[in-house]
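Have a look at the structure below, then the notes.
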Amino acid sequence: MTAASTGEVSLDTSDDRRLANDRDTSGASVMSSASATSMRTQLCGEVGIGDVGAKVSLCGWVSRRREHGEHLAFIDLRDHSGIVQCVVSGSLDVRSEFVVRVEGTVRERPVGTVNENLSTGMVEIGDCVVEVLARSQVPPFVLDGRVEVDEPLRMRYRYLDLRTDRMQRNLRMRAKANAQIRQTMASLGFCEVETPLLWAPTPEGAREFVVPSRLSPQSFYALPQSPQLAKQMLMVGGIDRYYQIARCMRDEDLRSDRQFEFTQLDMEASFVGQEDVIGFVSEVINDATEALTGVTPDGFERITWAESIDRFGTDKPDLRFAMELVDLTGAFASTNVKAFSGETVKALCVEGGGQFSRSRLDSLVERAKALGAAGLAWFKVNPGEGGELELESPLARHLDSGEITAVFKETRCQAGDLILVVSGEYQRSCLVLGQIRIEIADTKVGDGRYRYVWVVDFPMFDGVDASGCPIPAHHPFTMANPADLELLKTEPRRVRSQAYDLVLNGWELGSGSVRIHRRDVQNTIFEILGITKEDAESRFGFLLDAFDYGAPPHAGFAFGIDRLVSIFAGEESIRDVVAFPKTQSGSDPMTGAPKAIGDAAMKELGLAARSVK
Ligand code: ASP
């Protein structure tokens, strides 16, 4: 082909398309690269000053085409590694997103035309012969990342969106995370085992996706919410240390940090306790953080669930900033102010919050009410005469001097701060202020800081269901703290479990627990949860049976890879680290899923459609 000189563009894909370096036996240095294929010598982003004089073949998409007069054109050729400028003589029938193969010679760019923004900006490809491998329509959005594109459009044309630097970087980061996780898990002696996607319906808490069985009409498989029971079976099966990068499916409403399907590093080990698992997971996470961010985490802190609620008003504390909750219950022990006479008085001192406008304060009050507080009191801390501090608030004149002094002392406030106070039931008050703390701090997900904290000593149960039975805080297979076993039947709400969460920057990365490995203990827990003997037998009979045949003590953990990668990538939504995510309404605009399957398929599956209003 001689398109460079004639301006002709060929759609030829015949056999004469071979490696330029195969053909080039003369002169210029011969390219060699792990990225070389029968069609290209290297990747676009790999071309550099050291290649000057070399003949290269590159493949990719036309990122941009510029004409320079009638007989000179520039193509910015893009592949996942970067962009390189190709200079073509003659007019050229290529447009953005055409797929082309370019052969040419690497040369230094003329003085004054070096592009500092490109890694290949010192060079360009001259004397180019361009072969069009595929044409493209005008894309529905520009792929250079400079314009914010509406999400529905990105999803509809996800294959185009994937070509952007952002998505390329995110998906490759994810692949790197998986590779590092596998490496560390193997080094710790864990064995990768794949567990079934078609599993028995055994709800662990979340709603399941079910799959109708053709061979057993009116029977269903369920897609696993997690391989929880499968991995416990593996322990009974003597696998000793199992892991899997597991797909999990939960039919729950979607939001920015939740998809129907997500990926977890799922693990389980035998003859271990909580500390062993915490050790394994910390090592995996530490290695993944280093590999992906280059930052070594400062370590993994530890806090009990009770302390976390008390100090941060959440079981997912973001330790990147302080602003801890302060207890003012003592300060208002004998108050006459009704607003402060609840079971607890909790406060938050917002540094510099004295600047907040009245409307911002009003919206904080509304927010606290929406979160379930009776109200929210605020006090601006002002400098008074003679260096004393003063409180400014509609409520301030109702406080006596002892209360005011106690507020100053406990909150350690300074002039210019804002004190927010909630009074009422203990846990609710903590949670409301904890949420407000997060919203005021407004930290970004990925700001280059990685504060890991293990939250331990979770309660065994968290509230009660409609029939008054306790709800497991983790899942029904979690072992109670041996010190609290006595309380199981008498005061279940006070029982601590052997469950633990790993939290990063205020995001719950994952959870795990020491498991029950005895039928009698498991039956007791089922009983407390209101699961009848028959129900337990039909849903979890295989687990109970397995416990009769020598189940080793075991414990495990699972953490969300989507979440981890999105934090490392600085993405707010996990959709941006998933190749083909669903929208908030659970659909896939690209494929049109979910879809009706037609009468014949319905019949074959023994299903009949009924309209639901
Ligand atoms: N199966 C649990 C989950 O998916 C994790 C675990 O306990 O290992 O949350």
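Each reported figure results from applying straightforward, stated rules to the coordinates on display, with no laboratory input. Computed from a prediction, not measured in an experiment: that's the story for all the values here. We place every Cβ from the backbone using ideal geometry, glycine too, and count neighbours over all the protein chains shown.
Residue 195: in contact (Cβ under 8 Å) with a residue 12 or more places away in the chain, assigned to a loop (DSSP other than H, G, I, E, B) and either within 21 Å of the chain's Cα centre (by Cα) or surrounded by 15 or more Cβ atoms within 10 Å (Cβ to Cβ) (or both), yes or no? Judged against the criteria, residue 195 is a match. Of the helices (runs of 4 or more DSSP H) entirely within segment 517-613, those holding at least 2 residues that are under 30 Å from residue 279 (Cβ atoms), within 34 Å of the chain's Cα centre (by Cα) and in contact (Cβ under 8 Å) with a residue 40 or more places away in the chain occupy 519-528, 533-547, 561-569.
Condition check for residue 435 on (1) over 28 Å from residue 392 (Cα atoms); (2) in contact (Cβ under 8 Å) with a residue 60 or more places away in the chain; (3) not acidic (Asp, Glu): one failure, at (1). For segment 259-281: of the residues being part of a helix (DSSP H, G or I) and aliphatic (A, V, I, L, M), which is farthest from the ligand (Cβ to nearest atom)? Among them, the one singled out is 278. The one condition from (1) in a strand (DSSP E or B); (2) away from the ligand (no atom under 16 Å from the Cβ); (3) free of Cβ contacts under 8 Å to residues at least 12 places away in the same chain that residue 462 does not meet is (2).
Among the residues of segment 480-499, is there at least one that is under 30 Å from residue 168 (Cβ atoms), within 16 Å of the ligand (Cβ to nearest atom), buried (at least 23 other Cβ atoms within 10 Å of the Cβ) and in contact (Cβ under 8 Å) with a residue 12 or more places away in the chain? No, every residue in segment 480-499 fails to be under 30 Å from residue 168 (Cβ atoms), within 16 Å of the ligand (Cβ to nearest atom), buried (at least 23 other Cβ atoms within 10 Å of the Cβ) and in contact (Cβ under 8 Å) with a residue 12 or more places away in the chain.
Scanning segment 471-498 for residues that are of a type outside the set (Ser, Thr, Tyr) and either in a loop (DSSP other than H, G, I, E, B) or over 21 Å from residue 517 (Cα atoms) (or both) yields a total of 14. Which residue is farthest from residue 196 (Cα to Cα), if the candidates are limited to segment 217-245 and must be more than 14 Å from the ligand (Cβ to nearest atom) and in contact with a Cys (Cβ under 9 Å, 6 or more places away or on another chain)? That would be 240. From the list 284, 295, the lone residue that is away from the ligand (no atom under 13 Å from the Cβ), surrounded by 20 or more Cβ atoms within 10 Å (Cβ to Cβ) and within 20 Å of the chain's Cα centre (by Cα) is 284. Residue check: residue 358 meets all listed conditions (1) of a type in the set (Lys, Arg); (2) without any contact (Cβ under 8 Å) to a residue 60 or more places away in the chain; (3) closer than 22 Å to residue 424 by Cα but one, namely (3).
Screening residue 423 on (1) of a type in the set (Ser, Thr, Tyr); (2) within 18 Å of residue 317 (Cβ to Cβ); (3) surrounded by 20 or more Cβ atoms within 10 Å (Cβ to Cβ) shows it passes everything except condition (2). The single condition from (1) touching a Leu at 6+ places or on another chain (Cβ under 7 Å); (2) of a type in the set (Lys, Arg); (3) closer than 21 Å to residue 539 by Cα that residue 207 fails is (1). Just name the residue that is nearest to the chain's Cα centre (by Cα) out of those in segment 173-191 that are of a type outside the set (A, V, I, L, M, F, W, C) and either surrounded by 12 or more Cβ atoms within 10 Å (Cβ to Cβ) or more than 30 Å from residue 446 (Cα to Cα) (or both). The residue in question is 174.
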